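Working notes for the structure below.
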Amino acid sequence: MGNFDSSQLLKLANYRMPFGKYEGQLLIDLPEPYVVWFAGKGFPNGELGNMLATVYEIKLNGLEYLFDPLRETPKKSQKKRSSRNLLE
């Protein structure tokens, strides 16, 4: 495994979807079914694809809450979702 750059987490916490139905929404806040759809169809090439793949793994493991303190704009508290939702 390569070196991990912690600044990438901060960037991911504030990275917004650049197109489509969820344009402007933080990637970490994209609906799970949308991220799962991308995982099934294939993530785009480049940085956006890498970011979406990372979001998929974060959601799969139920770790979205770790991004709350990293956000530029605080998110309202939500009930923690089970990673099983991604697999159903």
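The values are calculated or read from the model by the stated rules, or taken from the named source; none is laboratory data. Please read all numbers here as calculations on a predicted model, not as lab measurements. Note: ideal-geometry Cβ built from the backbone for every residue, glycine included; neighbour counts use all protein chains shown.
Summary table below
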item	result
Residue selected from region 1-16 under the condition within 20 Å of residue 70 (Cα to Cα) and among the hydrophobic types (A, V, I, L, M, F, W, C), by the criterion modelled with the lowest pLDDT	4
Selection within region 24-59 - charged (D, E, K, R) and either within 23 Å of residue 5 (Cβ to Cβ) or out of contact with any Lys or Arg (no Cβ under 8 Å at 6 or more places or on another chain) (or both)	29, 41, 47, 57, 59
Close pairs (7 angstrom Cβ cut-off, 6 or more residues apart or separate chains): not in a helix (DSSP H, G or I) in region 51-64, not hydrophobic (A, V, I, L, M, F, W, C) anywhere	61/83; 62/80; 62/81; 62/82; 62/83
Filtered residues of region 19-51 (kept if under 17 Å from residue 71 (Cβ atoms) and hydroxyl-bearing (Ser, Thr, Tyr))	22
Count of region 18-38 residues which are in a loop (DSSP other than H, G, I, E, B) and under 14 Å from residue 57 (Cα atoms)	2
Selection within region 17-71 - exposed (fewer than 13 other Cβ atoms within 10 Å of the Cβ), at pLDDT below 95 and among the basic types (Lys, Arg)	21
